[in-house]
Every structure is written in structure tokens, then in C-alpha cells.
1. Could you tell me whether any residue of the range B:370-393 is in a strand (DSSP E or B), of a type outside the set (Val, Ile, Thr) and closer than 20 Å to B:PRO188 by Cα?
2. Which condition from (1) crowded, with 24+ Cβ neighbours inside 10 Å; (2) over 21 Å from the mean Cα position of the chain (by Cα) is the one that A:GLY256 breaks?
3. Restricting to the range B:336-358, count the residues that are within 16 Å of B:PHE369 (Cα to Cα) and either surrounded by fewer than 21 Cβ atoms within 10 Å (Cβ to Cβ) or of a type in the set (Gly, Ala, Ser) (or both).
4. A:LYS145: of a type in the set (Lys, Arg), assigned by TED's automatic domain parsing to the domain that holds A:GLY281, surrounded by fewer than 18 Cβ atoms within 10 Å (Cβ to Cβ) and touching a Lys or Arg at 6+ places or on another chain (Cβ under 9 Å), yes or no?
5. Does B:GLU307 count as away from chain A (no Cβ under 14 Å), in contact (Cβ under 8 Å) with a residue 40 or more places away in the chain and not aromatic (Phe, Trp, Tyr)?
6. Looking at this structure, is B:PHE125 of a type in the set (Phe, Trp, Tyr) and within 14 Å of chain A (Cβ to nearest Cβ)?
7. Given the residues B:VAL130, B:VAL110, B:VAL126, B:VAL83, which is the only one that is surrounded by 21 or more Cβ atoms within 10 Å (Cβ to Cβ) and either outside the structural domain of B:LEU155 (by TED's automatic domain parsing) or under 17 Å from A:PHE280 (Cβ atoms) (or both)?
8. Taking helices (runs of 4 or more DSSP H) that do not extend beyond the range A:1-106, which have at least 3 residues that are within 10 Å of chain B (Cβ to nearest Cβ)?
Number of protein chains: 2
Amino acid sequence: MLQCYILPMPIRLTPLEKRVAREFAALKERSGSHSPSPAMLKGIKGVSVTHDFCYLGNPYATEVFLKYFRRDFKDDGELRSIVAYYPSQNRALAKKLERVIAVPSEQIFVGNGATEIIQAVLSHFVQQKVLVPIPTFSPYLEFAKEGVQLVRHQLQKADEFRLNTDAFLAQVRKERPDTVVIINPNNPDGGYINPSVLRRLFGKLKHLATVIVDESFIHFTGKRIHSIAHFVSTYPNLVVIKSLSKDFGIAGLRLGYGVMSKERVSTLLARGYLWNVSGFGEYFLNLLSRKDFLKEYKRARERAVGERDRFFRLLSRVQGLKVYPSLANSFLIEIQSGGSAADLTVRLLVRHGIYVRECSDKVGLKGEFIRVACRTTEENSFFLAAIQRLFPQQF
Amino acid sequence: MLQCYILPMPIRLTPLEKRVAREFAALKERSGSHSPSPAMLKGIKGVSVTHDFCYLGNPYATEVFLKYFRRDFKDDGELRSIVAYYPSQNRALAKKLERVIAVPSEQIFVGNGATEIIQAVLSHFVQQKVLVPIPTFSPYLEFAKEGVQLVRHQLQKADEFRLNTDAFLAQVRKERPDTVVIINPNNPDGGYINPSVLRRLFGKLKHLATVIVDESFIHFTGKRIHSIAHFVSTYPNLVVIKSLSKDFGIAGLRLGYGVMSKERVSTLLARGYLWNVSGFGEYFLNLLSRKDFLKEYKRARERAVGERDRFFRLLSRVQGLKVYPSLANSFLIEIQSGGSAADLTVRLLVRHGIYVRECSDKVGLKGEFIRVACRTTEENSFFLAAIQRLFPQQF
């Protein structure tokens, strides 16, 4: 669907911006519920993404990984064995994660990115009805098997999209789903629920077949990480899903894990998932047992958390924008000056090479929203300078 | 299950070999229907795999890939973008394969290794009953969804495990499966069926819901490659599965594809498989459009085919062994001197660091069999020297 642009004053896209807007809208339409990749944008004349604020990954952590990668693959021997040979099977990989996430390896299912785990869990464990708070990460709305009823729990703008557990439980009582999903911190807003609140919630959700908690952004929450993966032993209906793409900045490796009852791990492995992680993915899992790597990663993580807080403070001062508080590494930003998210996205793209996530396709978001990733200090400052030139006078 | 060894004369394992045999048997038991990886064998004291004849991949092709990898990732920029960012989605990857395999991209499903495709196809398209010739690649016996009846079609040793299409069709008529599986060339024996024979067979299998043909070893068949992927347009019930691990020697990247009706591709993509190929996998798919790479690969492929034929000639001369003719890059070898496959495997491992695939767990193989991969000329000569010292006098 090509969108028509009714522009609120004083914004008027230039002819170039208008063309880019049309082409971008068409591209987005073809990409389903995920934004087109920067590579796909290369097809639009006049656009060159130099600052990708769409992609969510700790850039400091990527650098740590690259340093180890360069060092460890200096010789062809190591590289050859990673490329040519089959990686270890799922159970052997789970063993490598056992100490890192402090749960028994029998409870760990290693995945080819969190998306594979979401797909596996939804298609094997959801029975008839799943309740998903919205806005959310769209695969949770898309990957349930045929015949499953999807019920949405609207998170309220007035609550800054924080989960209201009372309202959530009321809908659980009313709708009687067998499965519920909670993303913590949530995507796209970064809203966070404390583990103590979650624990109380789990106590009241014991009768459900499955409670899915997606912790993919948990490393950004603060100085300490409070994962609830170990709750699986107490609440056997709990499934904790974790991407490793974001916190470690390695989306290209496709890596994640799920923590769930050992019976569920066995059920999944009986259906396949034999060699689902690549050799480079396994190399990364090996790094997680190395003290030197973990020490450097810790610094990269804390740097990202500190930068997220700084970026929030400065973004919040820009008039005409509402920045929702986030403990993830991105911000949901509402345009309150009357401009549209689509126009702002195109303007940032054309004038500054900045690519943000335009959120008009996010189910459950009413208003004009973009999602902006937190990058390095330098990149974030570049973004701030660009946005400060537009707001409040020009947009 | 620990196996007891009743040794035919004149073989008597040494105490070291006996211990290794016990530990290897235990390890194999834990690995299910796939052989333990060389890395897993490191746990056995006194064993060091220096020559892996278990793994099936063209070693010459691996070297071509490594050369390009080194060249293309000299700078951090390229490497960073592969590691940090999300790879392209499935449909965009399919587009990259369109010209390479000469079928429309809408008919291509790109997979995280052929294993993922086997898993996806078996769980989505098999209805109630599947007929699988044995011996076979074990996932075809394992990954059907619950409730599916598995019927085995025994390939005959007297036919050198070649598919007898009349016998196969007779069993189809008798058993009325909705799905049949054909691996061509077959694993573990390398038996090959001509495309013209297959086409006649497809004509008689039109009433089935699904005909799966696994072509993972097709690049080893000879000077020219006769893929049947394009038959999907004529026979919409056909699904052609192809691993890229073997022919290109890149098992660690996890890459394969399936060719099937576009409706089936859409069905699978509606269930997930969004970012199922890693950034390095996508890099490889990009290589497949480069003339220089294809030219070098062609040489590597022809070299492997030539070496396979040479290895066969020399192996066939060893008394006490029967080597089954193969158009794949491995040989099914029967020990006819009275020794056991398990003992031979252990002896090759302990004395020569050679690791072969012991086939006692292969369903449908009666007798003492090992499967030996075809490696480089040098490695194959090393293997020949080792086996010639054992046969016929010592084993």
C-alpha cells in the first residue's frame, strides 16, 4: 500500500524527499512487519545509510568480539575447522552455556537466533489461545501455528506502555489463554518489570500451560543483570527466551537460547534442531567461558548502559518529542509537534543518512512513533545534533 | 548400551584399543544416530583424530572458500557488517540463488543447513505415512511429526543398495504412503539414479502428496551436474532438498536450500524461518554469483570427482573389503574378512588417527560396514597405506 502524505505545517517534504518517501513505503510494504535492512535501502537513489539507528545491538560489544575473532583466526587452521566441519550438536552447545547462565544444561535449548526459539516454542507449546501484550516484537504475533487464537493485551500509553499486572491478570481470567507472553524489557518501548513483580505474577499464572518471558534486552537494564532464567526450576510452565544478538552485538551470527523444563527441551530436540548453530556461533559460545573475554564484555556492557542513560537525558530535552523511559538499548519516541513519523524517517534518511525504525506498522501503537537505537557516544551525538536542528522549529 | 566384542580371529585388540573401544561405544551411544564429532573424541585418552574420514565435504572447495574469505574480510568494515547486523531475510536470500540453480526464487526456501529443511518439510508436508528407503540419512527416519507412520523400504545388498524402482513402486501401491523420500546419490552408499529414471518414477508418483528428493551429493556425480530441481514446475508434489555443506566444504556455515512449489515456500515462511541463515552464510550465497569464485570452485569440484574415482579404484583392490560403487564423495565398505566394523574403527583411530564412520547403528544395513569419506589425494593415500597394512593379513 502506498501511503499518501497529508503534511501538517510547517513540514513540506522536498521533491527528493517525496520520491524517497514513496519508494521507502513500497519497500516497507514488501518487507512485512520488519523494517527493510540498510542493504535493501541501497536500491533507493539518493539514500545512503551511514548511521543505522534501526538495528539494536551494543556496538562496543561488537568491537570486543571482532578483536577476539581477528586474534583467534589469524591462522588458517582454526578458521578451516570452523568452516569445513559440522559444529557441535544442540546438547553439547547447551553444556557450554550451563555455567554462563547458571541453569542445568538439560533446561537449555540453543537456537539459531531468538527468532528460531520463538518459532519453536510457539509452534510446539501453544495449545489454543495465546495472550500477547502489544505493542510487541512482531514474531510473537505471527508465528503461532494455524488454528491458535491470538488475543492482544493493549499496553496503555498513559502508563508509558508499562505492563499493568492487575489489568493483565484480569484479561487472563476473562480470556483463559493457555499461553501468555511477556517481553522484559519490552520491545519497542524498553519498559521494564522487576523480577519480584514477575515472581508474584508467575505465582498467579501457575494454571497456564506456558508463560513465555523474553529477556533479550536484559543486559541493558543496569549495572547488575537480574535474569529470571533460574525461575524455570520453580515454575515449570515458564519458558525464558534470550537473544544474544543485542547485548553482544552479534546479530549476524544468529544465536540465542531458551530456558525451559528439560522435558520441553527433549520434545524440541526430538523434532530436529540438531546442528542449528553455525561454527562461528559455537566459537562465540566458547568465548563466553573465557574470563578475559567476559571482563572486556563487562566493560562494553556497562558503557552501553551508561550511554543509554546519557542519550535519554539529552533526547528528553528536545522539544516536540516525548521519549519513553527505557531500560533496553533503544527509545520509543513520540512526535508531538504534529509531524508524521514517516516524514521524519525520510528526512533523517535523506539529509543525514540516519535510519530509524518508523513504527506505523507496529500493532498497538496509536500516534506518530519512531524507535531509535542507542549507539556509540559519537553516533548518538550525531543523531542529537540532527534532531536538534529539526525540533522544535522545523518539524 | 556398552557393546561386548566377540572377536573373530586373528584380530585381538590390545588393552589400549579395548579401553578406547569401550569409551567410543559409550560416546556413540550418547550421540544418538550421528557419529560423535572429532572434538568429542578428544575426551578419550590415547586418541587424536588427525585424519577425519567421517566428515563428508570437498576439502578442495573449502580451500577456495577460505581464500575468498581471507581476501574479502581483510578490513574490519566488511567483517563488522557481517557480524553485527541482521542478515537478509529468507526471500532476499532465495533471490540470490535464483540464477545459480535456475529456478524461480519463489520456489526456493533457504535453510540453515539441509537438516533444517528436512525438519521443516517433514513436519509441515507429511500427512500420515512416509516411505523411506533404508539405509538412509537418519534425520529422514527421525524428524517426522508425532503420529506419522514410518514405513521402510529395504534397499538390497544384492542390488548394491541401488533403488529398484519396480520394488519401490510395488511397496508404494501396497502401503499407500502420502510421502516418499529418495536420496540421490544415496547416503551412506552413494548409489545413483539417473534423472530419466527419476522422471519416469515421478510420473507414477503423481498421486502422492509429496515426493522428496535429496540431492545433497549431486555435485560429486560427474563432470556435469544433472539436478532435477527444475522438475518442480512439472511435478508440483516434488520437493528437492540440497545441502551446500558437502559440495562446497562449508558444513560449519549451515547452509542448504529446498526447491518446492511456491505455495509451499509461502506456507513455511508464514511459520517463521525469517533470519535463519547467518551473515557468513549470506556472504557465501553472494560468492555464488561471482564468476571468479565459480571458476575456482569448478576446478575444486572436478578434482574431487577425479579423486573419488581414483580412490575407488585403489580401495577396490584391497582384499577382504568390498567397496560399493559410489557417485557421492564417500564409500560404503563391507568388511568381508570376518573382522568387525567397530574393531576396525578403533584400530584405525588408535594406530593412525583415522576416524571413519562405523555403521552398526545404520538402520537397514546388515553386516560389518564402515563409511569412508573421500578427502584429498594425500589424505586418501595415507588412508590406503593404513588399510593396506591391515588387510588381508591382520584383519
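The values are calculated or read from the model by the stated rules, or taken from the named source; none is laboratory data. Being a predicted model, the structure only gives us computed values, none of them experimental. Heads up, the Cβs are rebuilt from the backbone with ideal geometry, glycines too, and the neighbour counts pull from every protein chain shown.
1. yes
2. (2)
3. Residues flagged as within 16 Å of B:PHE369 (Cα to Cα) and either surrounded by fewer than 21 Cβ atoms within 10 Å (Cβ to Cβ) or of a type in the set (Gly, Ala, Ser) (or both) within the range B:336-358 amount to 7.
4. Answer is yes for this residue.
5. Yes: the conditions hold for B:GLU307.
6. It is true that B:PHE125 is of a type in the set (Phe, Trp, Tyr) and within 14 Å of chain A (Cβ to nearest Cβ).
7. Testing whether each residue is surrounded by 21 or more Cβ atoms within 10 Å (Cβ to Cβ) and either outside the structural domain of B:LEU155 (by TED's automatic domain parsing) or under 17 Å from A:PHE280 (Cβ atoms) (or both) leaves just B:VAL83.
8. A:38-41, A:59-72, A:76-84
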